[in-house]
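Reading through the structure tokens given below for one structure.
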Amino acid sequence: MLEASSGVIEAGVQSSQERNEVLAVTALLASLKDVRVATAFFRRRAMLNLLQETPLFQELTRDIVEQAEQRGEQRGEQRGRIVGRLQLLQRLFEHKFGPLPEELQESLEAIADVAELDRLALILIDAPDVETFKSQVQPIA
């Protein structure tokens, strides 16, 4: 059916840009039924580049890229908050009790929750000794 539709489009649409856009949209619609047929159609006609040049494809691609960038930025910001909290905990611990034991360092580094790191910072401030603080840190599973 895709081949038949493309024949009608090629015969009826004079502008090559418009024809390519209509063919691309037709193939995209066909992909809803069978993506392999649509993919083969694009490859056989060397239309992948043409598809990429259509305004629809460019807008969709731009949206996808923006969303991916936002997710990446959010992950980076979250990771930055975690690293900052870990550094603060380490400095506070070393200021109060001396060097941070490696086992405790590893347990703290396994925590990926900012709220939990904040909770531990407050506990560290009030902890009278290392053991009191250690008892509040979950060991690595």
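For this structure, a couple of remarks:
- Legend: calculated FRET efficiency, Glu116 to Gln70, from the Cβ-Cβ distance at R0 = 35 Å, rounded to 0.05, equals 0.90.
- Helix 55-97 and the longest principal axis of the C-alpha atoms of the chain enclose an angle of approximately 10°.
- For the chain, the Stokes-Einstein estimate of translational diffusion at 20 °C and a viscosity of 1.002 mPa s comes to 107 µm²/s, using the Kirkwood hydrodynamic radius over alpha-carbon pairs.
- Electrostatic bookkeeping for Gln105 treats Lys and Arg as +1 and Asp and Glu as -1; over the other residues with beta carbon under 12 Å from its beta carbon, the sum is -4.
- Candidates Gln17, Ala4, Ala40 compared by Cα position along the dipole of the chain: farthest toward the positive end lies Ala4, with charges placed on Cβ.
- In the chain, Cα pairs under 8 Å separated by at least six residues give a relative contact order of 15 percent.
- A Cβ-based charge dipole, computed about the Cα centre of segment 74-134 with Lys and Arg at +1 and Asp and Glu at -1, lands at about 320 debye.
Every read-out reported here was derived from the displayed coordinates using simple, explicitly stated rules and does not represent laboratory data. What you see is a predicted model, and the numbers here were worked out from it, not measured in a lab. FYI the Cβ positions are ideal-geometry reconstructions off the backbone, even for glycines, and counts take in every protein chain you see.
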